[in-house]
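Presented below is the structure to which this report refers.
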Amino acid sequence: MAEYIAELLWQREGQAFLDNRYSRRHVLRFDSGQEIAASSSPHVVPLPYSDASALDPEEAFVGSLASCHMLWFLSIAAGRRFCVDSYQDNASGLMQTNEVGKAYIALITLRPLVIFSGERQPSHEQIRQMHEQAHAECFIANSVKSEVRCEPRFSD
């Protein structure tokens with residue numbers, strides 16, 4: 001079993017807080033050493049309290065699903081001896097409200113365009129099948145039903 005770690009850090013830095021007029025910008029740190037500027041989406045929290053140039057959770061969710069799908073597709077294509085030259089996806093996520101009025105990502109649409117090279121070219125049906133298999137194997141797609149736990153820690 002593997003465990004994946006993400007550290008999140010937000011600090012008030014002297015801003016007013018109780019009036020709900022504070023920056024949502026924060027940092028995500030990963031075990032790879034990368035730090036990514038993150039924020040709420042301007043679609044959810046208006047500017048200037050959100051940072052449109054930072055990654056928001058909804059974008060990260062769509063991006064992680066698209067990335068996982070691509071990685072599986074590449075592996076499947078290589079296993080079938082099809083040489084992929086490029087893979088581009090214009091993925092999108094649609095936010096809606098459910099029956100109790102809670103917002104959620106109701107639909108993620110992947111729009112991959114894969115360019116192959118070499119004598120061995122897959123048919124459109126073979127490409128569809130590889131995408132179906134990639135979707136079935138994708139850890140993130142299989143995790144959408146995940147249980148989410150919150151285990152608070154305390155400083156005292």
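The values are calculated or read from the model by the stated rules, or taken from the named source; none is laboratory data. Remember, it's a predicted structure, so these values are computed and weren't measured experimentally. As a convention, Cβ positions derive from the backbone with ideal geometry for all residues, glycine included, and neighbour counts pool all protein chains shown.
Trp72 passes every criterion in (1) modelled with pLDDT under 95; (2) buried (at least 17 other Cβ atoms within 10 Å of the Cβ) apart from (1).
Residue by residue through the stretch 91-148, note down the ones that are in a loop (DSSP other than H, G, I, E, B) and either on the phi > 0 side of the Ramachandran plot or aromatic (Phe, Trp, Tyr) (or both). Break it down into steps so the answer makes sense when it comes.
The first filter runs over the stretch 91-148 and keeps only residues in a loop (DSSP other than H, G, I, E, B), leaving 91, 98-102, 110-111, 118-123, 138, 144-148.
Matches in the stretch 91-148: Gly101, Gly118.
In the stretch 137-156, the count of residues that are farther than 27 Å from Arg29 by Cβ and either at pLDDT 95 or above or surrounded by 14 or more Cβ atoms within 10 Å (Cβ to Cβ) (or both) is one or more.
Residue count for the stretch 40-77 under the criterion of being of a type in the set (A, V, I, L, M) and under 9 Å from the mean Cα position of the chain (by Cα): the result is 4. Among the residues of the stretch 12-24, are any surrounded by fewer than 12 Cβ atoms within 10 Å (Cβ to Cβ) and outside any loop (DSSP other than H, G, I, E, B)? Looking for residues that are surrounded by fewer than 12 Cβ atoms within 10 Å (Cβ to Cβ) and outside any loop (DSSP other than H, G, I, E, B), one finds none in the stretch 12-24, hence no.
Could you grab me the full set of residues in the stretch 105-130 that are surrounded by 11 or more Cβ atoms within 10 Å (Cβ to Cβ), within 18 Å of the chain's Cα centre (by Cα) and free of Cβ contacts under 8 Å to residues at least 24 places away in the same chain?
Taking the stretch 105-130 as the starting set, the residues that turn out to be surrounded by 11 or more Cβ atoms within 10 Å (Cβ to Cβ) are 105-106, 108-110, 112, 114, 116-117, 121-122, 126-130.
Then keep just the ones that are within 18 Å of the chain's Cα centre (by Cα); that gives 105-106, 108-110, 112.
Residues satisfying the conditions are Ala106, Thr109.
Restricting Ser86, Ser53, Ser41, Ser32 to residues that are crowded, with 16+ Cβ neighbours inside 10 Å and outside any helix (DSSP H, G or I) narrows the list to Ser41. Checked against the criterion of being over 21 Å from Ser41 (Cβ atoms), out of contact with any strand residue (DSSP E or B) (no Cβ under 6 Å at 6 or more places or on another chain) and modelled with pLDDT of 90 or more, the candidates Gln121, Gln88 yield just one match: Gln121.
Scan the stretch 1-24 for residues that are within 18 Å of the chain's Cα centre (by Cα) and of a type in the set (Lys, Arg) and the total you get is 0.
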